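Here the structure comes first, spelled out in structure tokens, and everything after it is commentary.
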Amino acid sequence: MSIWCAALAAVPALAAASSAEHGEAGLDWSYFFFHALGLAILLGVIAYFSREPLKAFMLDRSDGIRRQIQDAEAALAAARVETAELNARLARASAEHEEFLRLAGEQAESERALAMERATLAAERIRQEARRAADQEIARARRELQAEAAQLATSLAAEILREGMTPDDDRRLVGEFVQQIERRT
């Protein structure tokens, strides 16, 4: 309303300025006044009838903007909560990843130690079996050598006895053998 009052108050000032410039005869003040009054009435009617719809439009627009701001703030708060949750999950996943790597390293070290222990035991078992097999082979070779040596010694002794034995020696040995058998029985 104050705009209308200022516009109406400006009309006489404009008229006075115009009359001073053109003289009193240059302007028809009644024509100018009626047109200004018609414009003022027209603007007043427009303002009167458009005030409620304009007010309702502005209130609706204000409420819409307010709702949009509230929705945006709610979405921002939800995004912040979700970001915090995602950061927490990321931190947990990173910690779980580090723990998994640590456990995998420990398990790999344990498996390596176990494999080394098994390999050491297998190597020791193979050494013992090789020693046992070598000892058995040596004992078998000794027995064979002893048997062969005994056979050679027996053959050699028999040959020496055949060459150096007389029929008297033969009788004497048979007699001694018989006596030994008699003593045992």
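Any read-out appearing in this document is the output of simple, stated calculations on the displayed coordinates, not a laboratory observation. Computed from a predicted structure; not experimentally measured. Every residue, glycine among them, receives a Cβ derived from its backbone with ideal geometry; neighbour counts consider all protein chains shown.
The figures follow:
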{"quantity": "Whole-angstrom gap from region 121-176 to region 70-112, using each part's C-alpha centre", "calculated": "82"}
{"quantity": "Zone of Leu114's modelled label, taken as backbone nitrogen in region 89-108 under 17 Å from a point 7 Å along Cα→Cβ", "calculated": "103-108"}
{"quantity": "For region 42-185, with +1 on Lys and Arg beta carbons and -1 on Asp and Glu, the positive-most of Ala88, Ala74, Tyr48 along the dipole", "calculated": "Tyr48"}
{"quantity": "Cβ-based net charge around Ala139, under 14 Å, with every Lys or Arg adding one and every Asp or Glu removing one", "calculated": "+2"}
{"quantity": "Rounded FRET efficiency, nearest 0.05, which uses the C-beta distance separating Leu59 from Glu82 and R0 of 35 Å", "calculated": "0.55"}
{"quantity": "Neighbourhood charge, 12 Å Cβ-Cβ cut-off, centred on Ala91 and excluding it, Lys, Arg +1 and Asp, Glu -1", "calculated": "-1"}
